[in-house]
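Working notes, structure below.
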Amino acid sequence: MTDIMSERAAVMDLSFFTLEDGNLAQHQTVEPDANSLSMTIYMNRGDYHNIALAATHSVSEVTISGASTYTGISLRQAQADTLDSHSAAIYMGYGRMLMDNVFGHFYVPLYMVNSVPVLVVNPNNSPAKALVAYTRRTSSGLHCSDSTFVYDNEAVIRTHRTEGGGLLAFHSVCFPSANTAKSRATDDPTVAEGSIWEMDLITQMPDGKYVKNTLYMKNPLKAGEMQVIKVKLNDEGGVVTENPEVGVSVELDWKPGGDFDIEI
């Protein structure tokens, strides 16, 4: 996780908006490769909003949109059913800058806006193999001016797999979850009650049958947080956890979707 959680920004995007009408007055992109940046900016006297965005390296999965106005600038994921994990940590900061003098100093701290959920799997001598995991029900973007996360396209986020010390780990980098649970229809309301976000783990038995495990998390996934969920595999390919804030539902003999080539 060193490259992702690094506090050294490879690229920074700085936008300055006039306070009066919220329109973009000046924009700069720099590549500091550092955890702090000092620079001199020449602007007309006036009152400005500053939105500073940074990433530990380029993040193709997230784009800046609406950057011509202060109320419009936002970070957005692509609109798709399933998306790759963010490839870097993203940071944001806000500063109010009253430039009514010849010279002034302004300091803008930045804070990480995406999260890192990690599912750690203990194989526990189970005959099943853990194949792949996904993160679900997290934010699809961020309105920068008021630091409000949006949930208008809650895509499924793929994870990366790591092995070591006899354990498996599946992690993704994504926007955070909501802070509270939302009512919704589900196949297993008992374990899902009060859940805020979810992870799916797909396992496979020696006879080729698949098992789908859905984990329902009742603790929110917060911005800047790495949240670790620990589970053990059982002999049927399901998972169990001792965490009371995590509910688990298991679908035996689960049928994965197929890949189809359709002539158009």
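Descriptive notes on the structure:
- Being of a type in the set (A, V, I, L, M, F, W, C), in contact with a Pro (Cβ under 8 Å, 6 or more places away or on another chain) and either over 18 Å from residue 249 (Cβ atoms) or modelled with pLDDT of 95 or more (or both) is a condition met by no residue of the range 133-145.
- If you go through the range 117-160 and keep only what is within 14 Å of the chain's Cα centre (by Cα), open to solvent by 70 Å² or more (accessible area, probe 1.4 Å) and of a type in the set (D, E, K, R), you end up with 154, 158.
- Hits in the range 175-219 (condition: among the polar types (S, T, N, Q), modelled with pLDDT of 85 or more and farther than 15 Å from residue 134 by Cα): 179, 180, 195, 204, 219
- Taking the range 218-242 as the range and being closer than 16 Å to residue 157 by Cβ and not in a loop (DSSP other than H, G, I, E, B) as the test, the residues that pass are 226, 227, 229.
- Reported count of residues in the range 46-91, each being within 14 Å of residue 113 (Cβ to Cβ) and among the acidic types (Asp, Glu), is 1.
- Test: residue 215 is closer than 25 Å to residue 175 by Cβ, open to solvent by less than 30 Å² (accessible area, probe 1.4 Å) and part of a loop (DSSP other than H, G, I, E, B): no
- When 165, 93 are screened for being within 23 Å of residue 35 (Cβ to Cβ) and free of Cβ contacts under 8 Å to residues at least 60 places away in the same chain, only 93 passes.
- Residue list for the range 161-183, restricted to those being open to solvent by 80 Å² or more (accessible area, probe 1.4 Å), out of contact with any strand residue (DSSP E or B) (no Cβ under 6 Å at 6 or more places or on another chain) and within 28 Å of residue 233 (Cα to Cα): 163, 165
- The residue list 210, 107 contains one member that is without any contact (Cβ under 8 Å) to a residue 24 or more places away in the chain and aromatic (Phe, Trp, Tyr), which is 107.
- Any hit, the range 90-99, residues being outside any strand (DSSP E or B) and over 14 Å from residue 50 (Cα atoms): no
- Answer from 85, 60 - the residue that is farther than 19 Å from residue 223 by Cβ, within 15 Å of the chain's Cα centre (by Cα) and in a loop (DSSP other than H, G, I, E, B): 60
The values are calculated or read from the model by the stated rules, or taken from the named source; none is laboratory data. As the structure is a prediction and not an experimental result, all values here were calculated from the model. A quick note on method: Cβ atoms are made from the backbone with ideal geometry, for glycine too, and the neighbour counts reach across all protein chains shown. Calculation scope for accessible area: heavy atoms of the full protein, side chains included, ligands and nucleic acids excluded. Shrake-Rupley method; radii C 1.70, N 1.55, O 1.52, S 1.80 Å.
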